[in-house]
Amino acid sequence: MPFIKWVEETEATGEVAELYQLWRAANPHRDKVPEILKCFSWRADFLRSVLDFSYRLHFSEGHLSRRIKEMIATYVSGLNRCPY
């Protein structure tokens, strides 16, 4: 299984620390930044783009509610045996 090194929340500085804080502020019910997002932490510009895109795609209302989108994502992750 591949391993991707990332910046941990306790080690984050500068823009990455700011992005982690923005994510935590937007997700107060979650206790830590998901590892799938941390995969982009070596490139703060990529992390920012992923966060911006993710919120527009997953968390905006459209034909499917956020709840349905989250259920689909969880199901697909389970099928793929993905821990994220």
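The values are calculated or read from the model by the stated rules, or taken from the named source; none is laboratory data. All figures in this text were calculated on a predicted structure; none of them were measured in a lab. Cβ: placed from backbone, ideal geometry, glycine included. Neighbour counts: every protein chain shown.
Things worth noting here:
- Count - residues of region 36-58 that are acidic (Asp, Glu) and at pLDDT 95 or above: 1
- Filter result for Arg48 (more than 27 Å from Arg81 (Cβ to Cβ), surrounded by 10 or more Cβ atoms within 10 Å (Cβ to Cβ) and of a type in the set (Lys, Arg)): yes
- All of Ala17, Ala25 fail the test of being in a helix (DSSP H, G or I), surrounded by 10 or more Cβ atoms within 10 Å (Cβ to Cβ) and among the aliphatic types (A, V, I, L, M), apart from Ala17.
- Among residues of region 30-45 being farther than 15 Å from Gly14 by Cβ and without any contact (Cβ under 8 Å) to a residue 24 or more places away in the chain, the one that is surrounded by the fewest Cβ atoms within 10 Å (Cβ to Cβ) is Asp31.
- Of residues in region 33-76 being of a type outside the set (A, V, I, L, M, F, W, C) and under 19 Å from Phe3 (Cα atoms), the one farthest from the chain's Cα centre (by Cα): Arg43
- For Phe59, the stated conditions hold: it is under 26 Å from Ala12 (Cβ atoms) and either of a type in the set (Ser, Thr, Tyr) or in contact with a Lys or Arg (Cβ under 6 Å, 6 or more places away or on another chain) (or both).
- Residues located in region 11-43, provided they are more than 14 Å from Phe59 (Cβ to Cβ), out of contact with any helix residue (DSSP H, G or I) (no Cβ under 6 Å at 6 or more places or on another chain) and charged (D, E, K, R): Glu11, Glu18, Arg24, Asp31, Lys32, Glu35, Lys38, Arg43
- Residues (at pLDDT 85 or above and assigned to a helix (DSSP H, G or I)) located in region 59-76: Ile68, Met71, Ile72, Thr74, Tyr75, Val76
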